[in-house]
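Just below is one structure, and these are the notes that go with it.
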Amino acid sequence: MAQTAATEPSDSELQASAWDIEPLVDGEGQPGVERRLAEALERSKAFSERYAGRIAELDGAGLQEAMSELGAIHELVGRAGYYAALRFSTDTAEPANGALLQRVQEQETAIQTTLLFFELEWAALSDERAEQLLAGEGLDFCRHHLRNVRRYREHLLSEPEERILAEKSLTGAGAWTRLFEELTSAIGVELDAGGEKVALDVALSRLSLADRELRRTTAEAVTAALEPGLRTRAFLFNTLLADKATDDRLRRYPHWLAARNLANEASDESVQALIDAVSGRYEIARRWYRLKARLLGVERLADYDRMAAVTEDEVTYPFAQAREVVLDCYSSFSPELGALAKRFFDEHRIDAPVRPAKRGGAFCASAVPSVFPYVLLNYTSRRRDVLTLAHELGHGVHFALAARQGIFHQHTPLTLAETASVFGETIVFGRLLEEDTAPASRLALLAENLEDTIATVFRQVAMNRFEHLVHTARREEGELSVERFGELWAESQNEMLGDSVELTDGYRTWWSYIPHFIGSPGYVYAYAYGQLLALSVYQRYEQTGPELVPRYMELLAAGGSRSPEELGAIVGIDLADPGFWEAGLDLVARQLTEAEEAAHASGRL
């Protein structure tokens, strides 16, 4: 059984949960990283000597052979790169981990510059010649990838220019991104007068506690912890904003989001339709926050109340319990999915405990197709963490099923990347709700689910608007002050929240720990896209039952081998229909109605 917060368990299985990344380098450790990088560089040079200046002369068999060799090189680099990145993510303060990551990034850059010619020459081919080659047999493992490369033609520079940009990126955007990760991983939040500090993720998890005074003091402690390095992070962000503006200008992208849309295989028009649809229904989020204020017995929420539990019955789940629930849900939907999810535990592919200097948040790393994926958590035994586990394992089984597509097609565009994760999370949510008979905790669970949906759909679009404001302001106004960042953050958040939530002065600095703004500009709208897509797929599952399972599995196994529209069609979703977004938002509105009904049924209203 789940336990209440008053009897938090000593979770020995959680503390023992650490991943084994040695399979990435066949147990060779750092020497295995060095050996693979050296081999990849040697093979890259040989590849360049054989093919540079000759891509136009290849026939179908020659293109197949060249792509197979490129795939093998990417496999070597991927194994080395993921080993270094995963090791760094569990202890960002260890100098040896940072040094290894830097070494890998330097070698990756050398390999990348050696191979730059291939995509440039491939993109330069005429459409007729390219399609003639792509029509040949044996290219299923890379055909869609090669078509995508050609979509970048008007944004590519000359080979010497591309080489310069690639080599300088390591000491440019890449270095700033790494610095941000180190700075935020080192943030410690002092929650009491004793002086002991906790990781930022641990402090933020306390904002879901029922005690409002604890939430307020926690928020103030977070703000205080963000203050010392705030100007450094603002300078860092300014630098990356300027770097992207320069890159966009040189590559002739018409606006700051164009490069991300191209990578997502999404038209500017479809993305704008999503943003307009979500922002046009911000009232759903406001309606929830007004309901929440009534449930919490306050006239109006403050920003530190947004994630608060709506009852004092805050249940916790030991890690072993979470594993049992998630695996049973996955297996009940599909035995194949359950078996894949179980491998993450059996093969030590999960690093779950909170530790000093560990990277915050949660993620799933695909690694390479020949190696099973890895999951990082910061598990604090909250019920929300069970859903996070389900979410990241959804990514994991997606990567595992798509591994058969090979290194060029294992990944989907970001717009479809959340499909399996949100779907898996929704299945587990249904189980948790089904097993919970206490009215107060059922209301809490419904509220948590709606909270997450609103955060994923509406808050991510609000953060997209913040990015739009800061990228635009940086290009028009020059370097932005800490105060200006705060103004733009408050503007974008107030646009969503309206009069339903009061933003405190301290909240104006909370933009400064969000990694997506730094390392993945434009990324966040994909969360809203993926959430609405996954909810629509889940609705079809509710309507059709088990007959959807094989089509869903086909969707996951297809990886990124087809366009988003083709992938959506597998499960009967028409991504080209502008009404698609409204249908997904209608589902969110119905979730809100369910929460309102549950609030009345529990006697809280």
For LYS197, counting only lysines whose alpha-carbon sits under 29 Å away and dropping same-chain residues fewer than eight positions off, the answer is LYS358
If each part is reduced to its alpha-carbon centroid, region 521-546 and region 65-105 end up apart, in Å, by 31
Exposed trypsin sites (Lys or Arg not before Pro) being those in a DSSP loop with at most 13 other Cβ atoms within 10 Å, the longest stretch of the chain free of them is 301-605
Cross-link reach from LYS45 to lysines, straight Cα distance under 21 Å and at least 8 residues apart if same chain, gives LYS168
In degrees, nearest 10, the alpha-carbon axis of helix 60-90 is tilted away from the dominant principal axis of the alpha carbons of the chain by 40
With the 8 Å Cα cutoff and a minimum separation of six or more residues, region 16-171 has a relative contact order in percent of 30
CD proxy, 222 nm, the chain: helix-only mean residue ellipticity via -39,500 (n - 2.57) per DSSP H run with n ≥ 4, per residue, nearest 500, stands at -20500 deg cm²/dmol
Percent antiparallel among DSSP beta bridges confined to the chain, nearest 5, equals 70
Taking the alpha-carbon centre of each part, the distance from region 485-500 to region 359-400 in Å is 31
Length gained, ALA339-GLU283, 0.36 nm per residue minus C-alpha separation, equals 16.0 nm
Subtracting the Cα-Cα distance of ARG129 and GLU161 from 0.36 nm times their residue separation yields 9.0 nm
With a ≥ b ≥ c from the Cα gyration tensor eigenvalues, square-rooted, and the rule rounded for a/c under 1.5, otherwise prolate when a/b > b/c and oblate otherwise, region 311-411 is oblate
So ALA38 and GLU566, fully extended at 0.36 nm per residue minus their Cα-Cα distance, gain in nm 186.2 nm
Taking Cα atoms, the helix 460-477 axis meets the longest principal axis of the chain at an angle in degrees (rounded to 10) of 60
Chymotrypsin sites (Phe, Trp or Tyr not before Pro) in region 86-168 lying in a DSSP loop, each with at most 13 other Cβ atoms within 10 Å of its Cβ, come to none
If every Lys and Arg gets +1 and every Asp and Glu gets -1 at its Cβ, then about the Cα centre region 1-135 yields a dipole, in debye to the nearest 20, of 320
The chain: spread of alpha-carbon positions along the three principal axes, whole Å, largest first, is 75, 55, 48
So the angle from the long Cα axis of helix 439-454 to the longest Cα principal axis of the chain, reported in degrees to the nearest 10, equals 40
Classified through the alpha carbon gyration tensor (a ≥ b ≥ c as square roots of its eigenvalues; rounded if a/c is under 1.5, else prolate when a/b is larger than b/c, else oblate), region 16-171 comes out prolate
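Values in this text are rule-based calculations from the coordinates and carry no lab data. Predicted model, so just to flag it, every value in this text is computed and none were measured. Neighbour counts are summed over all protein chains in view; Cβ atoms, including those assigned to glycine, are modelled from backbone coordinates with ideal geometry.
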